[in-house]
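What follows draws every value from the coordinates through simple rules; no lab data is involved. All figures in this text were calculated on a predicted structure; none of them were measured in a lab. All Cβ positions, glycine included, derive from the backbone under ideal geometry; neighbour counts span all protein chains shown.
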Amino acid sequence: MDALDAVRARETRLPSQPAVDARGKSREALIASIPAELCVRCKGGKLLCGLARCPILDSVREQLPQVRIRGKELQGSSPPSLFVGRYGYPAVRTGPMLPPMHVPEAAKLDDPRAWLHSASMTDIVAMRASLVRGSHVLRVDRPQVRDPVLEAAQLLAMAEKPADVAVVLRKEMQERQQPKMDGIAAPMGPSLDALRAKVVDNVVVPRRVEAMVADTDADTATGVGELYAGGISPYHIQRLLSAGLLGVGQRRRLVPTRWSITATDDQLGKQLIARVKGFTQLSQVELFRAEHYGNRFWVLLLPRAWSYEMVERWHAGSAWARSGGAAGSDWEPYQGRTGYADNVAGAYYAARLSILEHLAARQRQALPLVYREITDAYLFPLGVWVIREAVRDAMQAKPRTFDTLEAAVRTVAMECATPDWDRDSRLLRDVRRQRSLEDFAAPRSRREAVHKPSP
């Protein structure tokens, strides 16, 4: 089962927990009554608390700038971007995303790689809140249906550059509309019921994208891999997958945006893992670090065969841990995972992809361990792009190197807020207790360096 199948299985079923009776409780009191560990696992997606709506997302949504929409017609510059919802699956809301006006630099509205060093958390929320979703309900198993709203969304999925879009709404709008927050996707503007939509610009489509969309014999994994190898970014591939433009003929499906993000990271990661396993292992322990939007990352690369783990610790007052601190972790052995990373969710796959890109570029194999510390400065759930880009940023810097594993672990302990952070790591326990065949084959000096006990 891949990540997309696992997410679909979990997020389309009803919560198994009994509904919480919220009568008489303020929202903050309600949030405080939910264990932080549950919120960190759920991230507003699975409603593990049993509530009909996520109170954390509701509280954040009310702090976002509202968007004023007037009349029945919208015309604006899409970055390009589209949205496919997940509620009601297999009948979901689908359509283009655009600001209700022409924007000279519309590409900035959906460009995570540029946001990291040029936009504050408030800037990102404001930009994204302006992206209105003009959509209506379509079945996911009919991506080939003749529908003007779907056709506009699919054309934007293929597009490389911004394009102007015109949308006709079902009813006239007069009031300000409330944006939406999501734990996986970036924030976005309100959803409006669209009657028709049309791309009114000449759309620029890369040749590789055009060819892959036309290839109805290639399965999804092949399409994702070939597009990535051809220089198409994961963000563009996510749009194509979400719009039902990849896969074999009649088996193509619309994929909810939230799911397509993780599915793309997972599929690309698996293909890179197959390559990385054939490379020579690193010769020493390396440590990378980055910090963005109140998120602190430490990435340890150990000179061993491929395995991977991500450990998260949420501080009290951070986006998903309002009522107290919480920690979670997920890992995979050399053979890979057999299920979805429930505890860390989409962040697990996003960080893994950025590390694998680094290892593939160096043609080296290693055991990566990611420790993410989320402080109370991370007020809004901006989406997993933060993890993907922050880890990519960390891997581009020069690493610190260590002769022993314990020296690197102590360095992280001195820099983070939890000195015993390593207690949450399954892989560190395994590395400390077990030696690999490579250790016995390695020179004596290397064996002593990797397994030298701490003073």
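For each of 370, 60, count neighbouring Cβ atoms within 10 Å of the residue's Cβ, then give the residues from fewest to most.
60, 370
Show me, bin by bin at 5 Å from 0, the whole-percent P(r) of segment 280-451 based on Cα pairs.
Reading the bins upward from 0: 1, 8, 18, 23, 21, 15, 8, 3, 1, 1, 0.
At 4 °C and 1.567 mPa s, what whole-number value in µm²/s does Stokes-Einstein give for the translational diffusion of segment 95-197, with Rh from the Kirkwood sum over Cα pairs?
88 µm²/s
For segment 280-451, what is the percent of antiparallel DSSP beta bridges, rounded to the nearest 5?
Approximately 75 percent, going by the DSSP bridge assignments.
Restricting to DSSP loop positions (anything but H, G, I, E, B) with no more than 12 other Cβ atoms inside 10 Å of their own Cβ, which GluC sites (Glu not before Pro) remain in segment 71-174?
Filter output for segment 71-174: 105.
Pull out a ≥ b ≥ c, the square roots of the eigenvalues of the alpha-carbon gyration tensor of segment 251-372, then state rounded if a/c is under 1.5, prolate if not and a/b is larger than b/c, and oblate in the remaining case.
It comes out oblate by the Cα gyration axes.
Can you sort 254, 30, 195, 246 from fewest to most other Cβ atoms within 10 Å of each residue's own Cβ?
Lowest count first: 195, 30, 254, 246.
If amide hydrogens are placed 1.01 Å from N in the peptide plane, which non-local residues have theirs closer than 5 Å to the one on residue 173?
Counting only residues 5 or more places away or on other chains, the set is 71, 72.
With no solvent and one point per C-alpha, what does the Debye sum give as log10 I(q)/I(0) for segment 82-149 at q = 0.15, 0.16, 0.27 Å⁻¹?
After summing over all Cα pairs, the log10 values are -0.61, -0.67, -1.13.
P(r) for the chain: what percent of alpha-carbon pairs falls in each 10 Å bin, starting at zero?
4, 20, 30, 25, 14, 5, 1, 0
For the chain, the longest stretch holding no chymotrypsin sites (Phe, Trp or Tyr not before Pro) located in a DSSP loop with at most 15 other Cβ atoms within 10 Å is which?
88-278
Cross-link candidates for residue 270: which aspartates and glutamates have Cα within less than 17 Å, leaving aside residues fewer than 8 places away along the same chain?
Result set, ordered by chain and number: 2, 5, 219, 226, 309, 330, 332, 357.
Can you give the calculated 222 nm mean residue ellipticity of the chain, where each DSSP H run of n ≥ 4 adds -39,500 (n - 2.57) and the sum is split over every residue, rounded to the nearest 500 deg cm²/dmol?
-10500 deg cm²/dmol
Treating only the Cβ of Lys, Arg, Asp and Glu as charged (+1, +1, -1, -1), what charge dipole size does the chain show about its Cα centre? Round to the nearest 20 debye.
480 debye
Antiparallel as a % of all DSSP beta bridges within the chain, to the nearest 5?
Antiparallel bridges: around 80 percent, rounded to the nearest 5.
Calculate the dipole size of segment 213-301 relative to its Cα centre from +1 charges on Lys and Arg beta carbons and -1 charges on Asp and Glu beta carbons; express the result in debye to the nearest 20.
In debye, rounded to 20, segment 213-301 gives about 220.
Rounded if a/c is under 1.5, else prolate if a/b beats b/c, else oblate: with a ≥ b ≥ c from the C-alpha gyration tensor eigenvalues square-rooted, which is segment 28-144?
Oblate, since a/c reaches 1.5 and b/c is not below a/b.
Can you tell me the length gained on complete extension of the stretch residue 283 to residue 170, counting 0.36 nm per residue apart and subtracting the Cα distance?
So the chain would gain 34.4 nm between residue 283 and residue 170.
What does the C-alpha gyration tensor say about the overall shape of segment 159-203? Classify as rounded when a/c is under 1.5, otherwise prolate if a/b is larger than b/c, or oblate.
The shape class here is oblate.
Just to confirm the filter: which trypsin sites (Lys or Arg not before Pro) across segment 53-136 are DSSP coil and have at most 16 other Cβ within 10 angstrom of their Cβ?
Answer in residue order: 53, 70.
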